[in-house]
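The values are calculated or read from the model by the stated rules, or taken from the named source; none is laboratory data. Owing to the predicted nature of the structure, the values given are computational and were not obtained by experimental measurement. Using ideal geometry, Cβ is built from the backbone for each residue, glycine included, and neighbour counts are taken over all protein chains shown.
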Amino acid sequence: MTVKLKPKQTIIALDVSSLEETKDLLSIVDKDLFRLKVGKQLFTSQGPKAIDKLNSLGFDVFLDLKLHDIPNTVSKSLENICNFGVWMSNIHLLGGQEMIEAATSTVKGLNSEMILVGVTILTSLNENNLVEMGFNSSAEDLAIKLAKLGKQNGIDGVVCSIEDISGIKASLGGDFLSVTPGVRMLQDIDDQKRAGSIYDAIQFGTDFVVVGREITQAKNPEKVLKKIESLIV
Ligand code: C5P
């Protein structure tokens with residue numbers, strides 16, 4: 001089966017501390033084919049000005065701060081985030097029902113078009129890590145439970161492992177978005193434990209894939225970009 005990607009289905013994680021570090025990369029990324037993710041590393045170093053810069057270059061930005069706090073703090077932080085003009089942002093679903101509801105009602109109340117997704121279980125955690133933390137369910141069961149809780153409380157979709165895409169889509173429907181980090185085209189999985197190939201992620205029906213170090217730390221990022229572009233129809 002041939003695996004095909006849609007334009008803008010691939011999100012590049014800019015896990016750097018300054019945009020200066022990615023100047024060369026940004027000059028070769030096509031904004032009509034890729035979206036960009038700003039995470040905690042870049043945001044804690046450069047703040048909203050990094051988002052302004054990427055927006056001014058025409059990129060759609062996913063702000064990945066995985067908000068996880070008391071409902072009031074998450075709600076007030078999202079009010080600020082909605083003003084940044086980002087395409088997507090996220091909370092951590094382990095913050096619980098009231099926090100999720102506070103988050104979604106804040107975004108809706110502002111009439112914001114920003115997509116809000118929830119992190120289920122980090123892809124760097126495996127079953128052993130979950131047992132250590134006192135969870136009794138398997139990673140997949142827990143991810144599905146959290147995804148259901150998110151959907152019941154108005155979230156647009158989830159950030160989940162490749163291993164959980166099929167189960168989440170089967171339980172919650174094809175329209176419930178899935179964003180899949182920890183995908184690899186070529187190399188090692190680094191610190192990701194529940195990772196897999198970009199080809200599997202697409203076949204399992206994910207809506208978006210996130211690729212970070214495989215591009216940002218590649219000896220030849222252009223080669224990796226071209227390889228991904230060759231899958232885009
Ligand atoms: O370098 P790599 O491709 O592993 O980067 C994955 C990116 O996705 C990182 O920016 C990481 O913060 C993010 N992420 C993740 N697992 C989640 C949510 C986000 O790896 N559950």
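Taking T2 and the conditions (1) exposed (fewer than 14 other Cβ atoms within 10 Å of the Cβ); (2) more than 18 Å from the chain's Cα centre (by Cα); (3) modelled with pLDDT of 95 or more, which numbered condition does it fall short on, given that it satisfies the others? The single condition T2 does not satisfy is (3).
Screening D52, D64, D69 for residues that are under 14 Å from N90 (Cβ atoms) and more than 16 Å from the ligand (Cβ to nearest atom) leaves exactly one candidate, D69. Being of a type in the set (V, I, T) and in contact with a strand residue (DSSP E or B) (Cβ under 7 Å, 6 or more places away or on another chain) is a property that holds for I11. Sub-6 Å Cβ pairs linking a first residue in the stretch 146-167 that is over 14 Å from T206 (Cα atoms) to a second residue that is of a type in the set (D, E) and more than 11 Å from the ligand (Cβ to nearest atom), at least 6 apart or interchain, are N153/E101, ordered by first then second residue. Taking (1) more than 17 Å from P221 (Cβ to Cβ); (2) within 15 Å of the ligand (Cβ to nearest atom) in turn, K4 satisfies each apart from (2).
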